[in-house]
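> Sending over a structure as structure tokens; questions will come in a sec.
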Amino acid sequence: AFQEGFESANPPAPNWDLGTTGLGSNGLWAIFDNGVGLNQSWTINTAITTPPTVCAGVQSAYINRENIGGGNVGQDFLATPLITLPANAQLRFITRTTISGDQLTKYKIMWAPASAAQNNPAAYTLVQEFTEVSLTAVFNVCEEKAVSLAAHAGEQGYIAFVREYSQPDAGLNGDRWLVDD
């Protein structure tokens, strides 16, 4: 089984070696976006806060919010290395947001086949989408999610965590996303 705890000391970069187990062909995660909102990318969060912003261990994957301008849609991808999905595959992860209420952010789990480039946003299709309200019962409490990947059983490809925000006006809005284990 592919596992990731985001505990590696390696700094985030477009090709991010996070010390995973069960690696695919190159063993590297990819961080990329759709070309909108270039000031924030997936990174590691180590902040010690109350309530916790690290869900397990001492580090979580994290994407901050940013002002992308009214009418724009930003998508930030954190994509696994190439993996092969077994029968009845599931993606299990721990997650939370940081702001109470709905800030209009969408949290997506997406899939791209091995024939696609790992860092091509257009190659990914939606597996499941969450809103800020549906992602967790309480915004600032980490919660485990399970997403079925059974439709892709036996396939090789990439799973991406995608934070998507459609900014309605000039003001900073949207929410952050923390992902762990």
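> Once you charge only the Cβ atoms, +1 for Lys and Arg and -1 for Asp and Glu, what is the size of the charge dipole of the stretch 84-181 about its Cα centre, to the nearest 20 debye?
140 debye
> How large is the helix-only mean residue ellipticity at 222 nm for the chain, computed as the sum of -39500 (n - 2.57) over DSSP H runs with n ≥ 4, divided by its residue count, in deg cm²/dmol to the nearest 500?
Mean residue ellipticity at 222 nm (helix-derived): -500 deg cm²/dmol.
> Using the Karplus curve 6.51 cos²θ - 1.76 cosθ + 1.60 with θ = phi - 60°, work out ³J(HN,Hα) for each residue of the stretch 59-70 in order, rounded to whole Hz, and write x for Gly and Pro.
9, 10, 6, 8, 10, 7, 8, 7, 7, 10, x, x
> How many nm separate the modelled label positions at residue 133 and residue 114, each set 7 Å beyond the Cα in the direction of the Cβ?
Calculated label separation equals 4.1 nm.
> To continue, here is another question. Test of understanding: what is the full-extension gain from residue 1 to residue 73, defined as 0.36 nm times their sequence separation minus their Cα-Cα distance?
Taking 0.36 nm per residue and subtracting the Cα distance, the gain is 22.5 nm.
> Can you give the relative contact order of the stretch 24-161 as a percent, counting alpha carbon pairs under 8 Å and 6+ residues apart?
Averaging sequence separation for qualifying contacts and normalising by length gives 31 percent for the stretch 24-161.
> Starting at the first residue of the stretch 109-123, write each ³J(HN,Hα) from the Karplus equation 6.51 cos²θ - 1.76 cosθ + 1.60 with θ = phi - 60°, in whole Hz, x for Gly and Pro.
After applying 6.51 cos²θ - 1.76 cosθ + 1.60, I find 9, 10, 10, 10, x, 4, 6, 8, 6, 4, 9, 9, x, 5, 7 Hz.
> Can you give the charge dipole size of the chain about its Cα centre, rounded to the nearest 20 debye, using +1 on the beta carbon of Lys and Arg and -1 on the beta carbon of Asp and Glu?
Result for the chain is approximately 80 debye, rounded to the nearest 20.
> Now a separate question. With all protein chains present, how much of the accessible area of the stretch 54-176 (probe radius 1.4 Å) comes from carbon and sulfur, to the nearest whole percent?
That fraction is 50 percent.
> Here's another thing I want to ask about it. Once amide H atoms are placed 1.01 Å from N in the peptide plane, what residues at a sequence separation of 5 or more from residue 93, or on another chain, have their amide H within under 5 Å of its amide H?
For residue 93, the qualifying residues are 145.
> Here is a further query. Between residue 102 and residue 46, what is the FRET efficiency for a Förster distance of 25 Å, r being their Cβ-Cβ separation, to the nearest 0.05?
Once the sixth-power term is evaluated, E becomes 0.35.
> I need the phi-derived Karplus couplings for the stretch 171-181: 6.51 cos²θ - 1.76 cosθ + 1.60, θ = phi - 60°, integer Hz, Gly and Pro marked x.
Using θ = phi - 60°, the values come out as x, 5, 8, x, 10, 8, 9, 10, 10, 8, 6 Hz.
The values are calculated or read from the model by the stated rules, or taken from the named source; none is laboratory data. Just so it is clear, the model here is predicted, and its values are computed rather than measured. Cβ atoms come from the backbone with ideal geometry, glycine included; neighbour counts cover every protein chain shown. To get the accessible areas, we keep the full protein, side chains included, count just its heavy atoms, and leave off ligands, DNA and RNA. Shrake-Rupley method; radii C 1.70, N 1.55, O 1.52, S 1.80 Å.
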